[in-house]
Structures are given as C-alpha cells and as structure tokens.
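For reference, the structure discussed in these notes is given below.
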Amino acid sequence: MNMLGMFCIRACSGLVGFRTATRVRSLHSHTGITVAQIDEEVAKLLELKAQIGGDDGKHQFVLKTAKGTRDYNPKQMAIREKVFNTIIGCFKRHGAETIDTPVFELKETLTGKYGEDSKLIYDLKDQGGELLSLRYDLTVPFARYLAMNKITNIKRYHIAKVYRRDNPAMTRGRYREFYQCDFDIAGQYDGMIPDAECLKIVHEILSELDLGDFRIKVNDRRILDGMFAVCGVPDDKFRTICSTVDKLDKMPWEEVKKEMVNEKGLSEEAADQIGEYVSLQGGMDLAERLLQDPKMSQSKQACAGLSDIKLLFTYLQLFQVTDKVVFDLSLARGLDYYTGIIYEAVLTQAGVVPVPNDAQNGAPAEESVSVGSVAGGGRYDGLVGMFDPKGRKVPCVGVSIGIERIFSIMEQKAEAEKVRTTEVQIMVASAQKNLLEERLKLVTELWNAGIKAEVMYKKNPKLLSQLQHCEDSGIPLVAILGEQELKDGVVKLRIVATREEVDVSRADLIEEIRRRTAEV
C-alpha cells in the first residue's frame with residue numbers, strides 16, 4: 001500500500017474511517033486505478049465523516065447486556081438469595097452434598113448427548129489445541145465427573161450457570177445464560193425409591209416457595225418407545241418423533257401431527273394412534289389399564305415402564321405427594337440420555353386445576369392452562385457408561401429446578417412489597433458532633449461479636465439522616481451515642497418500627513441486640 005493509502009487509514013476513525021480504509025484497499029487491489037480516482041473516493045468519504053461529526057478518536061460503546069442475559073439489582077438479588085436458600089435447605093434436608101465443575105467442557109464431552117438440542121450448545125474458539133463448549137446443563141458434566149473419578153454412589157446437588165444458544169424469551173424466563181439447581185442420586189438401589197424422593201423434593205420446594213398451583217407430570221421413556229413401536233414408528237425415527245411429542249406443551253396436537261407427518265415422514269395412521277395415547281392422563285389406575293391394553297401389552301419395554309410407574313405411585317402415596325402428581329403420556333422430554341422415568345413440574349393458572357382422567361368411567365380431565373415448566377428430570381442409567389473407558393454403568397436419577405422461571409414469578413409478586421437488600425441488624429448513630437471515634441469503637445465491638453452493623457461514613461452526620469437511612473433500609477435497631485450516654489456507660493437503643501427508645505448498659509448491649517433481632 002502507498003503513502004496515500006496509509007494516510008487514509010490513519011486519517012479516518014470510527015465507522016467512516018473503517019469504510020475509507022476498506023475502500024482504499026479495494027481500489028488498490030484493482031489494476032488501472034489512478035491516484036486521482038483514489039483521491040476522489042477518499043474526499044467523498046472524508047466529506048461524509050465531516051457531516052456525521054468526528055468522535056475525537058473515542059470508541060462509542062453500546063451500553064447493553066448481551067442478548068439473552070440480564071443484570072440483577074439488589075432487590076432482585078435478595079429475592080434470588082431467598083429462593084436459593086429454600087432450595088439448598090431442601091437438598092441438604094435430603095442428605096445431599098455439593099460439587100462444582102468447570103463452566104466449559106471439551107466439546108466431545110457434550111456432543112451427542114442432547115439429541116436435536118445439540119444445536120444450542122455454545123462452541124468456543126480453539127484454546128491451545130482444545131475444542132471447548134460452554135456447558136449446556138449440569139447433568140452431562142456430572143456424569144463425566146463420576147466416570148473420571150470412578151464414583152459409583154453419591155447424592156449431590158449443584159447450583160451453577162449454564163448456557164444455551166437459544167432464541168431468548170426473557171419475559172417468560174427463557175435466557176441464554178441462566179442458573180440450574182440440580183439434585184441427583186447415583187448408585188445401584190432398589191427400583192423407584194430414589195425416583196420417588198426426587199419428586200418429593202420438587203413437591204417440597206414448590207410448596208415452600210408458594211408459587212401457586214402446580215402439577216408434576218410423570219412418564220417413562222420405555223413407555224414412549226413401546227408406544228412408538230406398537231403404533232408403527234420405525235426404530236430410526238423414535239428419537240426424532242419423541243422430540244416432536246415433547247412440543248405438545250407448546251403446540252396443539254394438530255400442529256404436532258403435521259410436523260410428524262410432513263417434516264418427519266411418519267404415516268398418518270401411526271400419528272393418529274400416537275395421538276390417542278398421548279391424550280391420556282391418570283394415576284396408578286391408568287398404568288394398570290395400559291398393562292391390559294391389547295397393543296401396549298405387546299411391548300416388553302412398555303410393560304416394564306408401566307410396572308415401574310405403578311411402583312412409583314405406591315411410594316409417592318407414602319411420601320404424601322400424589323395430590324400433585326399425574327401420569328401423563330404426552331410428557332416426552334427430548335434429551336437423548338433419559339432411559340426410564342421422566343418428570344416435569346408445571347405451574348398452572350390460579351383457579352384452573354387439572355384433574356387426571358378417571359380410568360374407571362373415562363371422565364375427561366378438566367382443562368388447565370400451563371404457565372411454564374419450573375422443574376424437570378428423570379432417570380439416565382446409561383450416561384456415565386458413555387464416558388467410562390470400560391463402559392461401566394452407574395444408574396442415576398435426578399431433577400433440575402428451572403430457577404429463572406421461579407425468579408420471574410417471585411419478582412412479580414414482590415413488585416409492590418418492600419424487600420430488604422441487606423441483613424444489617426443495627427445502625428450505630430450519634431446525636432451530637434465529634435463522636436466519630438466513639439461510633440467506630442462501638443461498631444467494631446459489634447462486628448467482633450458477629451453482629452451485622454453499619455455506621456455512616458461522615459464525621460458529623462445529622463441524627464435525622466441516620467434514622468431515615470434505617471427507615472429506608474429496613475434496619476430494625478439503632479444504637480444512639482451521646483455525651484450523656486458515654487458518661488453513664490449506656491447506649492440509647494431505638495426500635496425503628498415503634499420508635500421506642502430504651503437505655504441499655506454497654507455490657508449488656510450485644511445480648512440485647514441478639515434477643516431483639518431474634519424476635520424480628
């Protein structure tokens with residue numbers, strides 16, 4: 001490139017500068033272009049730059065979060081922390097320990113584990129010879145962790161962010177970066193006992209969070225595969241038809257059937273037979289009825305799954321959660337790694353409660369409107385074996401809580417409420433000037449005793465400003481120091497809610513704070 005081209009690149013900054021440099025390079029790449037023509041093009045672009053206005057060499061940042069992500073303000077984070085504490089408390093109550101894994105994995109670790117959803121995996125650039133991808137969920141990394149460390153028995157929970165290159169619908173709690181809260185039981189145990197406990201955990205968490213009415217739908221991949229077989233679905237189409245059935249919570253049956261026939265190449269007769277089965281809902285009675293079904297009874301796979309559904313409901317009755325659980329043949333869950341029981345918790349609109357079909361009299365279920373899945377999981381007995389060099393299997397079952405959906409609902413409920421964003425128990429204040437050192441001494445005593453305390457960062461703050469801060473922040477107590485209090489060896493303790501004030505001796509202050517904040 002000649003001196004003129006170099007001058008153009010340096011002279012033009014920002015977008016216009018980039019266009020100038022690109023144009024000059026383009027002109028130089030063609031033979032027969034004169035210097036006069038280049039000058040003419042540069043003049044045009046410089047004129048355009050002058051019209052737009054220079055940026056003085058400063059880069060203009062676009063202040064926004066990346067697509068499918070969001071920031072959380074202190075109020076939102078306080079809500080998130082409350083939800084996390086509820087969930088972690090439940091996991092620990094059921095004896096789980098926690099682990100952590102890297103946010104990215106080798107690409108080959110994630111490839112081929114998610115069926116059609118594999119296209120949503122975020123791939124990273126080559127990093128020093130390794131092809132990496134951001135984790136899509138916490139289940140596959142967990143299976144890799146078990147195989148790598150030769151672990152055959154563990155009950156663990158894991159709360160961390162996962163990433164999906166999806167089309168976000170953020171108003172419905174659908175993001176590209178979001179948290180998952182997973183609980184899994186790995187090990188060889190008697191059938192359906194761990195599976196029932198996973199459903200019990202979902203029931204406990206959703207009940208404690210008080211999100212509204214919910215239902216936990218259950219099915220079994222073996223029942224689905226058996227159903228596909230007896231309905232005439234070719235073996236090589238099982239997974240792709242399963243992923244289409246999985247859309248029934250978002251699309252009407254007519255559209256699902258159209259996709260099966262027109263896009264997936266299934267016969268209309270087979271699709272119609274599938275339609276008859278996926279419309280069924282019930283409980284243990286439906287499982288018993290399907291075991292006698294002329295078609296389903298021909299499939300050993302389906303019969304094994306139906307027998308386990310019956311056993312599952314026996315344990316769910318003992319766990320006292322059958323009021324919220326329904327056996328639903330339309331539940332598919334598209335992930336390829338599921339091998340047995342699958343389940344999904346769905347919130348329903350207030351006042352519209354789905355009632356399972358009565359297997360005895362064929363009464364139709366009352367219609368309900370789903371407002372979103374908030375938990376899902378199932379059994380995946382073959383996943384660990386995919387990573388083990390000798391193919392050794394570790395049976396696993398687990399559940400993942402869809403935390404972003406829950407946050408969206410909790411935030412809406414809290415819009416009109418005042419949410420505390422700190423846990424400060426007491427403010428150390430002064431009623432007169434020149435008491436900064438005394439305030440700092442007292443707040444240090446409180447911190448050393450494990451009391452959550454705060455002090456204003458001014459030498460002589462106004463008492464009214466200090467009290468107003470407590471009102472605004474929800475701080476329940478104020479320790480007020482003055483010349484007289486210092487002489488008498490006391491602190492004036494103010495209860496913010498009632499504005500009552502009592503003198504407390506310095507020696508008894510910490511105990512008094514603990515007593516009063518325990519009541520709050």
Linear extension gain, residue 255 paired with residue 285, 0.36 nm per residue minus alpha-carbon span: 7.8 nm
For the chain, the charge dipole (Cβ of Lys, Arg +1; Cβ of Asp, Glu -1; about the Cα centre) points to a positive end, and the Cα of 343, 374, 421 closest to that extreme belongs to 421
Once phi is turned into ³J(HN,Hα) by the Karplus curve 6.51 cos²θ - 1.76 cosθ + 1.60 with θ = phi - 60°, what whole-Hz value does each residue of the stretch 223-228 show in order, with x for glycine and proline? 5, 4, 4, x, 4, 4
Highest-first arrangement of 233-239, 391-397, where packing means the average Cβ count within 10 Å: 391-397, 233-239
Which label belongs to the value computed from this structure, given these candidates for P(r) over Cα pairs in 10 Å bins from 0, in percent: [x] 4, 18, 25, 21, 15, 11, 5, 2, 0; [y] 4, 19, 29, 26, 15, 6, 2, 0, 0; [z] 3, 14, 19, 17, 13, 13, 12, 6, 2, 0? [z]
Too long at a 19 Å Cα-Cα cut-off: which of 217/247; 92/155; 113/250; 433/487? 113/250
I need the phi-derived Karplus couplings for the stretch 299-311: 6.51 cos²θ - 1.76 cosθ + 1.60, θ = phi - 60°, integer Hz, Gly and Pro marked x. 9, 4, 4, 4, 5, 5, x, 5, 5, 5, 4, 4, 5
Given charges at beta-carbon only (K, R positive; D, E negative), |dipole| of the stretch 285-337 in Debye: 100
Run the helix sum for the chain: -39,500 (n - 2.57) per DSSP H stretch of 4+ residues, divided by residue count, reported at 222 nm to the nearest 500 deg cm²/dmol. -12500 deg cm²/dmol
Separation of the stretch 459-520 and the stretch 319-341 by C-alpha centroid, Å? 54
Relative contact order of the stretch 382-461, defined on C-alpha pairs under 8 angstrom at six or more residues apart (%): 24
State to the nearest 20 debye the size of the charge dipole of the chain about its Cα centre, where the only charges are +1 on K and R beta carbons and -1 on D and E beta carbons. 1580
Taking amide hydrogens as modeled 1.01 Å from N in the peptide plane, which residues meet the under 5 Å criterion relative to residue 132, leaving out close sequence neighbours? 107, 124, 127
Mean separation of Cα contacts under 8 Å (at least 6 apart) over the residue count of the chain, i.e. the relative contact order in percent, is 13
³J(HN,Hα), Karplus 6.51/-1.76/1.60, whole Hz, each residue of the stretch 181-191, x for Gly, Pro: 10, 9, 10, 9, 10, 10, x, 8, 10, 5, x
By its C-alpha gyration tensor, with a ≥ b ≥ c as the square roots of the eigenvalues, how is the stretch 62-153 shaped: rounded for a/c under 1.5, else prolate for a/b larger than b/c, else oblate? oblate
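Here, each number is a calculation from the coordinates, and none is a lab measurement. All values derive from a computational prediction rather than experimental measurement. Heads up, the Cβs are rebuilt from the backbone with ideal geometry, glycines too, and the neighbour counts pull from every protein chain shown.
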